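Here's the structure we're looking at; comments come further down.
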Amino acid sequence: MKKKLLLLVLSVVLCLPTFAESMCVNLKNGETVSFDLEDIKDVTICETIHVFDESETPLKFKILSDSTVEVIGDDSYLELDSVTIPAKVRIDGKVYDVTAIGNSAFWGCGGLTNIEIPNNITAIGVDAFSGCSSLEPKLLIYDKGTKCYGWVGDKEKCTNIEIPNSVTSIGNYAFYNCNGLTSIEIPNSVSSIGHGAFGGCGGLTSIEIPNSVTSIGNYAFYNCNGLTSINIPDGVISIGVDAFDGCGGLTSINIPNSVTSIGDYAFERCSSLTNINIPDSVTFIGDYTFFECSSLTSIEIPESVTAIGISAFYGCSNLTSINIPDSVTSIGDMAFYGCSNLTSINIPDSVTSIGDMAFYDCSKLDPKLLVYNKGTKCYGWIGDRKKCTAIEISKDVISIGSYAFYYCSGLTSIDIPNSVTSIGEKAFYGCTYLDVVIDNLKDNVKVEYDAFKNCKSVTWLKE
């Protein structure tokens, strides 16, 4: 009977053009839709999608726009064992598409054994299903099969996973803390690896990044200490902040010439890394980039680099030599702090800024006073400053930087010429045997906090 009725309706609609030019359809909510029959190409019976009233579902929603909502978390979910996320929901009489699952929406729902997610979900928030230990682990793929987000269920139960070829991006924290994961193949369709995507995957021993990838997000392989080597393919433009931080088993890594940006902390604590190439496409070595890479023995800085960031090579205790090219104009605070085996380093005249304690505890370097900014600024030392008992400050120097002679315990005397107009914070702090004589003829010397703390004596000369 239903089939006959449907055919009758269709036949009426299709015959209408013979005696009518337009048609109106009255909807249940009172609205009227009209259209020209001449514009109708064909008639299709659409699949009916049930619209849930807000009161029909235990879920809570946040309105994102005039037509979309996302599922948000609520403590009441902890009592649920099964959930169906609707494709559409009616709130205060208005129908919305459910397009997203919010951050931590089902966090800690350990009793949840089944969940149904509609195909129109286009975004899943961080930790949306974290702690849902009773769910069968399942990889989530959305945005019409193009984006791999991660899991429902206990991801630690999975030791390997296959990513479909339709996936073009691996979302933020997709496999974060998948401790059981030992290997994974990323298809050539993938162009980006999101923030924290494989962070904390301590069991991951190998991974191949395909040539299609152009960006590696922040924390992408954070604390993947089981990785021993990785090849970054040509085409990658940026390596994010902390991307390989804590990869203590990584012994070598290749960075292609396509890379123009290496984020701060990118290789921090890669304690087994013995060598690394920096391509001439890179212009800046970021803060803490090679922090405590204690096995690194040598590194070549290309001519393209203009600045070396704060603590960039801090604690690289096996680094023996380094050449700083003429392109570099600034060296950050503590850039080479604790490079105790560094025996040679050249600092070109192009350098106009050297940060506090940039070469502190570089005990094997021959002690040398650093003067830059065209000979106007006296910073301090490379090498073991304690080995020096006297030093002459040139009359070209107009400023002595912070910590310049910090704990130079071997210094016994120093004359500061009247060209000097500023003495930085703790510049001579802890020089317990030092007699300082300051020529203050012009009465214009600015002295910062604790500049001469614990010095033996300070004498100011005036006419």
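The values are calculated or read from the model by the stated rules, or taken from the named source; none is laboratory data. Treat the numbers as computed from the prediction; the structure is a model and nothing was measured. With ideal geometry, Cβ positions are generated from the backbone for all residues, glycine too; neighbour counts draw on all protein chains shown. Side chains are part of the model used for accessible areas, which takes the heavy atoms of the whole protein and leaves out ligands, DNA and RNA. Shrake-Rupley method; radii C 1.70, N 1.55, O 1.52, S 1.80 Å.
The table for this structure:
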item: Test result for G150, out of contact with any Pro (no Cβ under 9 Å at 6 or more places or on another chain), buried (at least 16 other Cβ atoms within 10 Å of the Cβ) and modelled with pLDDT under 85; result: yes
item: Residue list for region 422-442, restricted to those being assigned to a strand (DSSP E or B), open to solvent by less than 10 Å² (accessible area, probe 1.4 Å) and within 16 Å of T376 (Cβ to Cβ); result: I423
item: Residues (of a type in the set (V, I, T) and surrounded by 23 or more Cβ atoms within 10 Å (Cβ to Cβ)) located in region 175-232; result: I193, I216
item: Test: residue in region 384-399 that is part of a strand (DSSP E or B) and modelled with pLDDT under 85; result: yes
item: Residue ID - nearest to S363 (Cα to Cα), chosen from residues in region 287-342 that are open to solvent by 40 Å² or more (accessible area, probe 1.4 Å) and assigned to a strand (DSSP E or B); result: S321
item: Residue ID - farthest from E116 (Cα to Cα), chosen from residues in region 55-80 that are charged (D, E, K, R) and in contact with an Asp or Glu (Cβ under 6 Å, 6 or more places away or on another chain); result: K62
item: S419 vs. criteria under 30 Å from I324 (Cβ atoms), exposed (fewer than 15 other Cβ atoms within 10 Å of the Cβ), touching a residue at least 24 places away in the same chain (Cβ under 8 Å) and not charged (D, E, K, R); result: no
item: Sole exception among (1) open to solvent by 30 Å² or more (accessible area, probe 1.4 Å); (2) in contact with a Ser or Thr (Cβ under 6 Å, 6 or more places away or on another chain); (3) modelled with pLDDT under 90 for K368, by number; result: (2)
item: Strands (runs of 3 or more DSSP E) enclosed by region 146-229 - at least 3 residues per element that are under 21 Å from the mean Cα position of the chain (by Cα) and within 30 Å of T113 (Cα to Cα); result: 147-152
item: Test: D361 is assigned to a strand (DSSP E or B), within 20 Å of T432 (Cβ to Cβ), open to solvent by 20 Å² or more (accessible area, probe 1.4 Å) and not hydrophobic (A, V, I, L, M, F, W, C); result: no
item: Filtered residue count, region 343-354, keeping only those that are open to solvent by 10 Å² or more (accessible area, probe 1.4 Å), assigned to a loop (DSSP other than H, G, I, E, B) and in contact with a Ser or Thr (Cβ under 8 Å, 6 or more places away or on another chain); result: 3
item: Of all residues making up region 406-419, the number that are part of a loop (DSSP other than H, G, I, E, B) and touching a strand residue (DSSP E or B) at 6+ places or on another chain (Cβ under 6 Å); result: 2
item: Every residue from region 73-125 that is more than 23 Å from D154 (Cβ to Cβ), of a type in the set (V, I, T), open to solvent by 20 Å² or more (accessible area, probe 1.4 Å) and part of a strand (DSSP E or B); result: V95, T99
item: Condition check for S134: assigned to a loop (DSSP other than H, G, I, E, B), out of contact with any helix residue (DSSP H, G or I) (no Cβ under 7 Å at 6 or more places or on another chain) and within 19 Å of A220 (Cα to Cα); result: no
